[in-house]
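Have a look at the structure below before the remarks.
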Amino acid sequence: MSQPALEVSAAFSAIAERAATVLMHTYAPQPVAMRSGKGCILTDVDGQEYLDLAGGIAVNVLGHGHPAVVGTLVEQAARAIHLSNLYFSEPQLDAAEKLVATAFPSRVYFCNSGAEAIETAIKIARKWGKLHRNGASTIICARGAFHGRTMGALAATANRHYREPFEPLPRGFIHVAYDDLGAVESAIDDSTVAVLMEPIEGQSGVVPMNDETLRGLRRLCDERNLLLILDEIQSGMGRTGKWWAHQHAGIVPDVMAVAKGLGGGLPIGAVLAGPRADIFTLSDHGSTFGGGPLVTAVAAAVIDAILREGLVENAARVGERLRHGLLQLAEGGAPIAEVRGRGLMLGVVLTQPVAQQLVLAALRRGLLINATGASALRLIPPLILSDAQADEAVERLAAAFLLVAGGAASGAGAPEGKKP
Ligand SMILES: *Cc1c(COP(=O)(O)O)cnc(C)c1O
């Protein structure tokens, strides 16, 4: 099946050439260079506009250029950008208090990314095992899991292609079937210290864990004296229609890793540890940049804005509308097998392996979406997405489906400008 050819401009070509010269080839960007954004709209170097349903990979929860982010950034930058953890600073306390208020009784450690939050959670589990489980150190993870690219987070990640070039990885991680309580139960032995899982697996195509399984994991961890560690780096910050995806199941983890949306675009990660797991003491962990005043001031402002603008509720409502629109596309004959996920974290499972072609076709139709595999799309837009924008996204996706079907039939990309 052919790719819909995307006309690239001279401005884009010049940028692509510079990138090939100077950047390591760890990413394969789409054939577009973005310059600016406002709300859910991004603008490229040629002035073309795109409706953004990728949201910077679940990061831009308030969209682009939100006054709460920009205003706080400017004000705090003038006050202090970096102070170090040699001193207390109020923005860090503001962010921690607001974060805990959305979650469960806990204390917070700030870092700079998702992978670092996972590393922190792993260190908590290791030390907890020494204190409370005779030195047990094995963490049970799930197939399909993605926890980040640093060595510890990679050891917890399931995908062979991410892992194998970098082995040996830290020991003490096993992977069992996802959303399978029995598989976890069978894997527990004296060496087990914790269960680490995503309540919705993001990178492997938005695969939700059943609420009943999550409740079962909580029960199992209590009965067998294990820590329940949840990776809410992607599913958190209101995206699923609750602040945290585990809240749908009515349970509370011992440890939670947070990042992506927390800084409204700025790099920040955090770990929350409930009373059972709150065991770090002086010098157990640290980070030069972690919890700096600039990022924490913005994180506090992001949480305030989500509350003030009712964005958790908006994610639930607009997410439902978007899901409905996608299901209607399926009914209308689009090659959609299933729409899964919650709120504004949706996976679209295709009946054909055309996800990459669809991403390009959508780009041509002014829509940014993400593919998580050959036949799965992921929609993780800003939480400010409006009803009208959700409807527009479905329309543009319908046009992209037609473009891909047309390209497949003729064996060539439909010419630019020809309306499907
Ligand atoms: C993105 C992500 C990570 C890694 O975060 P980085 O900031 O890229 O290190 C870990 N877990 C989940 C579920 C993620 O979505």
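Table for the structure above
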{"read-out": "Candidate set from region 251-305 (those that are of a type in the set (Gly, Ala, Ser) and closer than 26 Å to Asp222 by Cβ); member that is nearest to the chain's Cα centre (by Cα)", "value": "Ala257"}
{"read-out": "Selection within region 125-147 - open to solvent by 10 Å² or more (accessible area, probe 1.4 Å) and either among the β-branched types (Val, Ile, Thr) or in a helix (DSSP H, G or I) (or both)", "value": "Arg126, Lys127, Lys130, Leu131, His132, Thr138"}
{"read-out": "In region 27-59, the residues that are in contact (Cβ under 8 Å) with a residue 60 or more places away in the chain and either outside any strand (DSSP E or B) or out of contact with any strand residue (DSSP E or B) (no Cβ under 9 Å at 6 or more places or on another chain) (or both)", "value": "Gln30, Pro31, Val32, Cys40, Gln48, Leu53, Ala54, Gly55, Gly56, Ile57, Ala58, Val59"}
{"read-out": "Odd one out for Ser283 among (1) in a strand (DSSP E or B); (2) farther than 22 Å from Glu309 by Cβ", "value": "(1)"}
{"read-out": "Residue identified as assigned to a loop (DSSP other than H, G, I, E, B) and closer than 27 Å to Met209 by Cα among Leu385, Leu358, Leu377, Leu346", "value": "Leu385"}
{"read-out": "Sole residue being touching a helix residue (DSSP H, G or I) at 6+ places or on another chain (Cβ under 9 Å), farther than 26 Å from Thr138 by Cβ and away from the ligand (no atom under 16 Å from the Cβ), chosen from Lys242, Lys260", "value": "Lys242"}
{"read-out": "Qualifying positions in region 177-187 - more than 8 Å from Ile140 (Cα to Cα) and not small (Gly, Ala, Ser)", "value": "Tyr178, Asp179, Asp180, Leu181, Glu185"}
{"read-out": "Hits in region 263-286 - residues which are within 16 Å of the ligand (Cβ to nearest atom) and either in contact with a helix residue (DSSP H, G or I) (Cβ under 6 Å, 6 or more places away or on another chain) or closer than 10 Å to Ala117 by Cβ (or both)", "value": "Gly263, Gly264, Leu266, Ile268, Gly269, Ala270, Val271, Leu272"}
{"read-out": "Which listed residue is under 19 Å from Asn60 (Cα atoms), open to solvent by 50 Å² or more (accessible area, probe 1.4 Å) and in contact (Cβ under 8 Å) with a residue 12 or more places away in the chain, from Arg276, Arg342, Arg239", "value": "Arg342"}
{"read-out": "Residue pairs meeting the criteria (Cβ under 9 Å; at least 6 apart or on separate chains; first under 16 Å from Leu402 (Cα atoms), in region 363-380; second among the basic types (Lys, Arg) and open to solvent by 30 Å² or more (accessible area, probe 1.4 Å))", "value": "Arg365/Arg396; Gly366/Arg396; Leu367/Arg396"}
{"read-out": "Hits in region 218-239 (condition: more than 15 Å from the ligand (Cβ to nearest atom) and touching a Pro at 6+ places or on another chain (Cβ under 9 Å))", "value": "Arg218, Cys221, Leu227, Leu228"}
{"read-out": "Hits in region 104-124 (condition: in contact with an Asp or Glu (Cβ under 9 Å, 6 or more places away or on another chain) and either more than 15 Å from the ligand (Cβ to nearest atom) or outside any strand (DSSP E or B) (or both))", "value": "Ser106, Arg107, Val108, Gly114, Ala117, Ile118, Ala121, Lys123, Ile124"}
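The values are calculated or read from the model by the stated rules, or taken from the named source; none is laboratory data. Small disclaimer: the values here were computed from a predicted structure and weren't measured. Glycine gets a Cβ as well: all are built from the backbone with ideal geometry, and neighbour counts include every protein chain shown. When the accessible area is computed, the model is the full protein with side chains, heavy atoms only, and any ligands, DNA or RNA have been set aside. Shrake-Rupley method; radii C 1.70, N 1.55, O 1.52, S 1.80 Å.
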